[in-house]
Amino acid sequence: VSWVGDTNRLKVDHWQQQMGELEECIANLQLKRSEQISESESALEFMKERLQAKELERMDAMTASAREMSNLERRLQEATETCMALRVERARLEEELESAQLHIPKQAVTAKAVPMEGLDVLYLKNVVIKFLQATSSGSSSSQALLPVIATLLQFSPDEFKQTQAALFSSMGGIL
């Protein structure tokens with residue numbers, strides 16, 4: 001009977017040892033699980049912070065793009081207004097040119113038809129003054145007055161081209 005008691009005791013010891021090992025294994029597994037959860041939570045927090053940083057960058061980029069678009073729209077509006085003002089100025093200058101051309105004597109319209117001694121000096125003086133004023137202010141009406149002066153002073157085609165090139169150059173290449 002003591003033999004049976006010893007065997008049972010051995011079995012109980014063995015089971016207790018296995019229970020201890022199992023409890024230790026469970027404790028290790030729980031510790032590893034806690035560590036993995038902590039690592040996952042840290043990684044999740046890191047990813048969350050990166051995502052928030054990326055979202056802030058995206059919002060900053062969108063804000064900068066909106067500002068740039070607003071700036072471009074403003075510049076387009078200004079350019080459109082300038083273009084409209086220039087069109088109005090051009091129309092006014094064309095009317096002024098037509099009016100000036102109506103005052104040119106019929107003989108002056110054809111080159112070489114007016115001898116220099118018969119030239120209306122007052123008219124020539126006024127045209128030259130207008131031309132100089134337009135040129136000094138950078139106005140495009142100086143281009144319109146150049147043919148009138150060329151006719152009055154009987155420029156040859158080469159003289160006209162040379163004068164036109166000089167005027168073009170003096171206005172910074174703007175016609």
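The values are calculated or read from the model by the stated rules, or taken from the named source; none is laboratory data. Keep in mind it's a predicted model, so treat the numbers as computed, not measured. Quick reminder, even Gly has a Cβ in these numbers, built from the backbone with ideal geometry, and neighbours come from all protein chains shown. Accessible surface areas use protein heavy atoms only, side chains included; no ligands, DNA or RNA. Shrake-Rupley method; radii C 1.70, N 1.55, O 1.52, S 1.80 Å.
Mind checking which residues of the stretch 116-146 are open to solvent by 80 Å² or more (accessible area, probe 1.4 Å), within 26 Å of A85 (Cα to Cα) and outside any helix (DSSP H, G or I)?
S137
For the stretch 86-101, which positions are of a type outside the set (S, T, Y), without any contact (Cβ under 8 Å) to a residue 40 or more places away in the chain and open to solvent by less than 60 Å² (accessible area, probe 1.4 Å)?
Within the stretch 86-101, A91 is the sole residue that qualifies.
Applying the selection to the stretch 35-83, what residues are open to solvent by 100 Å² or more (accessible area, probe 1.4 Å) and closer than 30 Å to S139 by Cα?
If the condition is that a residue be open to solvent by 100 Å² or more (accessible area, probe 1.4 Å) and closer than 30 Å to S139 by Cα, then E73, R74, R75, L76, E81 are the ones that fit.
From the list I104, I149, exactly one residue is modelled with pLDDT under 90, in a helix (DSSP H, G or I) and open to solvent by less than 70 Å² (accessible area, probe 1.4 Å). Which is it?
That would be I149, the only listed residue that is modelled with pLDDT under 90, in a helix (DSSP H, G or I) and open to solvent by less than 70 Å² (accessible area, probe 1.4 Å).
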